[in-house]
Amino acid sequence: MVAVMSFNRLFLFSVVLVMTACGPDPQSSDSTTVSNAITESTKPVSYQDVEWTELMPKEDLEALLQPPDEVMNIPDGSEMDQLSSQMSNAIAQANDSRYQQALSSTNVVEAFNNQHIRIPGFIVPIDFDDKQRTIRFFLVPYFGACIHVPPPPPNQIILVDYPQGLRIDELYDAFHISGLLKTSLFQHQMATSAYLLEAASVVPYIETPQ
């Protein structure tokens with residue numbers, strides 16, 4: 001399915017899919033302070049579930065949801081639909097400059113900076129350790145992004161640091177990543193990301209029944 005979809009339809013499709021102790025010691029104020037510090041340091045981190053579209057400023061999302069006719073009129077499965085260079089030409093010829101800007105937007109939602117989040121996605125490996133485990137990778141909202149089709153906008157790509165490493169058997173497996181999100185621009189030959197996630201947990205994605 002992914003191979004025959006144009007980038008625009010694929011992006012819109014992904015948008016639809018992703019649019020879910022101890023008490024104080026009365027004898028000493030110092031012991032109260034120590035007790036509170038221990039409680040805070042051992043308190044489990046709560047991760048906020050985030051949808052991909054939440055990472056995109058409202059104006060960028062609105063622009064991408066209203067693509068120019070030159071892009072939408074490309075038939076599914078056609079030769080032009082499958083050739084990324086021709087798709088790029090169609091986009092370049094589009095009159096809607098706001099749409100073009102949104103396709104390469106590095107604008108972020110600052111409210112997510114230094115927030116603990118959990119988000120699902122697909123992994124595009126970048127760096128490996130000596131055991132061939134990926135320790136740094138792009139997280140993207142749909143399979144094939146940055147590899148088989150043009151990359152999503154930078155604000156829809158997350159660079160993930162995961163020092164303990166992860167062995168990837170199949171790139172079409174989806175994962176849930178939990179960690180500390182930061183707004184940080186990173187440029188790579190495959191793509192540019194506008195967010196950095198310091199991962200604490202990487203687990204296989206399991207879809208929750210609706």
Considering only the stretch 156-175, I want to know if a residue exists there that is modelled with pLDDT of 95 or more, outside any strand (DSSP E or B) and within 22 Å of L64 (Cβ to Cβ).
yes
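Taking Y99, is it at pLDDT below 95, under 14 Å from the mean Cα position of the chain (by Cα), surrounded by 18 or more Cβ atoms within 10 Å (Cβ to Cβ) and of a type outside the set (D, E)? Break it down stepwise before answering.
Details: at pLDDT below 95: yes; under 14 Å from the mean Cα position of the chain (by Cα): no; surrounded by 18 or more Cβ atoms within 10 Å (Cβ to Cβ): yes; of a type outside the set (D, E): yes.
Here the answer is no, as Y99 does not meet what is asked.
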Can you tell me which residue is modelled with the lowest pLDDT among those in the stretch 58-96 that are closer than 30 Å to L181 by Cα and crowded, with 16+ Cβ neighbours inside 10 Å?
P67
Restricting attention to the stretch 131-145, and to residues there that are assigned to a loop (DSSP other than H, G, I, E, B) and of a type outside the set (S, T, Y), which single residue is nearest to V109 (Cα to Cα)?
P141
Those residues of the stretch 120-145 that are of a type in the set (K, R), modelled with pLDDT under 95 and under 15 Å from A191 (Cβ atoms) come to a total of 0
Answer yes or no as to whether H116 is over 11 Å from the mean Cα position of the chain (by Cα), closer than 18 Å to E54 by Cβ and open to solvent by 30 Å² or more (accessible area, probe 1.4 Å).
yes
Is one or more of the residues making up the stretch 146-154 within 23 Å of A63 (Cβ to Cβ), modelled with pLDDT of 95 or more and in a helix (DSSP H, G or I)?
yes
Could you check, for the stretch 190-197, whether at least one of its residues is modelled with pLDDT under 95 and surrounded by fewer than 19 Cβ atoms within 10 Å (Cβ to Cβ)?
yes
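The values are calculated or read from the model by the stated rules, or taken from the named source; none is laboratory data. All values reported here derive from a predicted model rather than from experimental measurement. Note that we place each Cβ from the backbone using ideal geometry, even for glycine, and neighbour counts take in every protein chain shown. Note: areas computed on protein heavy atoms with side chains; ligands, DNA, RNA excluded. Shrake-Rupley method; radii C 1.70, N 1.55, O 1.52, S 1.80 Å.
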